[in-house]
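J.: For reference, the structure I am asking about is given below.
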Amino acid sequence: MKTADPELMRAINRFHVMDAIRRFGPVSRVELSQLTDLSPTTVSAITAALLDDKLIVPLQVGALRDLGRGRPRVMLKLNPDAARVVGVKLAADQITIAVTNFCADVLGSLALPIRIDRQTASVIADLVEDGVRRCVSDAGLEMSDISGLCVGLPGVVERAAGVCRQSPIFGERDVAFGPSLTERLGVPVTIDSDVNLVALAEHWFGQAREINDFLVVSVERSLGLGILHNGELFRGANGLGPDLGDMMVRLPGPGGGGRLADLASETAVLAEAEPLLRNYDDDATATPKRRLSLLLQRAAAGDERCVALLAAAGEALGFAIANLIALFAPPKVIISGRLLATSEHFVEPLRRSVAAFLPPSLADVADIVMREWSDGFWVRGAAAMTLRDLYGAPWGTTGPALLREAPQTGGEPL
C-alpha cells in the first residue's frame, strides 16, 4: 500500500530545511540534520539543490574545523538576493507597503495616510496598485523583479481564492481582491487576515521566535485571532482564518447580542461611549482614532463612566481568552491594539477575567503579553508570508501557492 507521495515528502523536507536555515542560520549541515530530524544524506541532497538554485549561499568559517578533518567548516544561510517580495497592510486610515529581500530585510517602505474605509473596493485596488509601483520604484527595482505580493487586512479572508468575504475595510462583501491585483500588477498576489500576518511576524522576528505554539489577539475596529500550532498557522476550509469577533460569549436576548465584537472591539466601545464623549467633543467629523484617544484620556483623568466602559470590554475579551487557553493551552498569548489594548483600564480587567475563568489546572500555562505593533511590523509579516509561499514549493516550478478561481457572484467587479 502506498503510504506517502514521494514528491510531497521531498517538498515538505525541503521546506523544513529552508525554514531551519532561516531561523537558525548561518547553520551547518550537521546542525540542520539535528534541527530537522532528517538524515545527513537527505540534508546534503536538499542543501545541494538549494545551492544550485541559489536560494542559499555558503559561508566558510575558517577558524572552525568540520569533524576534525581539517577543512574549514561551511555554514549555510539564505541568499538575500534570491527574491524580492512586497507586503501590504490595509488599515481603515492607512495603506502601508514594504519591499523586502529573501531574508525579509526591508529594502523600501511607503505609508499612505488615507481613509480607505470610505472608498469602494475598486478605488482601494487603484490606490494599492499605485502605492506598490511607487514603493518598488523607490527601492530601485522593477515590477519584473518582484516574485510575489501579500496583502493583509482585517476580516474574513478566503486565502485560497484571494477573496475577502467580509471586512470593515470594504463596504462590499466577497471582494476578489487578490485576483484583481494579480491582473493589475502582473505578479502573484495573495491576501490574508492581518492577524495571521502579524502572528507570522512574531514567529519570525518578534517575541515568539523560540516557540511553535502561541495565540495572537488583535484588538482594533474588529477582533482578530491568529493561531500558530507546530509552527504552522491554523486555517479552516479554503484557507479561512477564524474571526474572534464572531465568537458567541452569551446567548442573544434582551440587552443585545452575544457576539464578542459587539462587546470588546474598538467599534463597540466607541458606540457605547458616544453619549459620554459628546460632552467633551461635539465634532461629529472626528475620526474613530481621535474619539478613542479622548475616551482613554477621560478614563485616565478618573471619569468613572469611561473607566467602567473600558473595564466591561476588557472583562468580555478576558472571558473569551480564558476559553481559548482552555482549548489550546498555549504557552503564550500575545495581545495588541493601536490604542485600546494599551490602556490599563482595559488590560487589568482583562487579566483579572482570564484568571477568574481559567480552571486551576491551567492557571500557570499561558503567559499573556501586551504588545504595540507598528504598521511596519504588520507589513513585514505580509512579506514573510509571501516568502513562505516561495520556498514552500519547488522553486521555479510551482512557485507561490496558486490562487483558486474566484467566485463569479458576489462583490463588485474591480
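The values are calculated or read from the model by the stated rules, or taken from the named source; none is laboratory data. Note that the coordinates shown come from a computational prediction; the quantities given were computed from them, not determined experimentally. Note that each Cβ is placed from the backbone with ideal geometry, even for glycine, and that neighbours are counted across all protein chains shown.
J.: So which pairs qualify, if the first residue must be in the range 242-259 and modelled with pLDDT of 80 or more, the second must be surrounded by 14 or more Cβ atoms within 10 Å (Cβ to Cβ) and polar (S, T, N, Q), the Cβ gap must be under 7 Å, and the two must be at least 6 apart or on different chains?
T.: Close Cβ pairs (under 7 Å, with a partner that is surrounded by 14 or more Cβ atoms within 10 Å (Cβ to Cβ) and polar (S, T, N, Q)) amount to GLY245/SER222; GLY245/SER265.
J.: Any idea which of ASP138, ASP66, ASP93 is among the charged types (D, E, K, R) and either closer than 17 Å to LEU197 by Cβ or modelled with pLDDT of 95 or more (or both)?
T.: Residue meeting the stated conditions: ASP138.
Residue-by-condition table, conditions (1) on the phi < 0 side of the Ramachandran plot; (2) in contact (Cβ under 8 Å) with a residue 40 or more places away in the chain; (3) of a type in the set (Lys, Arg); (4) buried (at least 17 other Cβ atoms within 10 Å of the Cβ):
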site	(1), (2), (3), (4)
LEU270	yes, no, no, yes
ARG278	yes, no, yes, no
ALA286	yes, no, no, no
LEU295	yes, no, no, yes
ARG298	yes, no, yes, yes
ALA313	yes, yes, no, yes
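J.: Could you check how many residues of the range 292-326 are in a helix (DSSP H, G or I) and either among the acidic types (Asp, Glu) or not assigned by TED's automatic domain parsing to the domain that holds ALA355 (or both)?
T.: Number of matching residues: 2.
J.: Among what's in the range 143-175 and is more than 17 Å from the chain's Cα centre (by Cα) and β-branched (Val, Ile, Thr), pick the residue that is nearest to ARG133 (Cα to Cα).
T.: ILE146
J.: For the range 1-52, name all the residues that are at pLDDT 90 or above, acidic (Asp, Glu) and not in a helix (DSSP H, G or I).
T.: Residue satisfying the conditions is ASP37 alone.
J.: Can you pull out the residues in the range 363-385 that are part of a helix (DSSP H, G or I) and touching a helix residue (DSSP H, G or I) at 6+ places or on another chain (Cβ under 6 Å)?
T.: Correct list: PHE377, TRP378, ARG380, GLY381, ALA382, ALA384, MET385.
J.: Can you name the residue in the range 176-201 that is over 14 Å from ARG388 (Cβ atoms) and acidic (Asp, Glu) and is also surrounded by the fewest Cβ atoms within 10 Å (Cβ to Cβ) among such residues?
T.: Of everything passing the filter in the range 176-201, GLU183 is surrounded by the fewest Cβ atoms within 10 Å (Cβ to Cβ).
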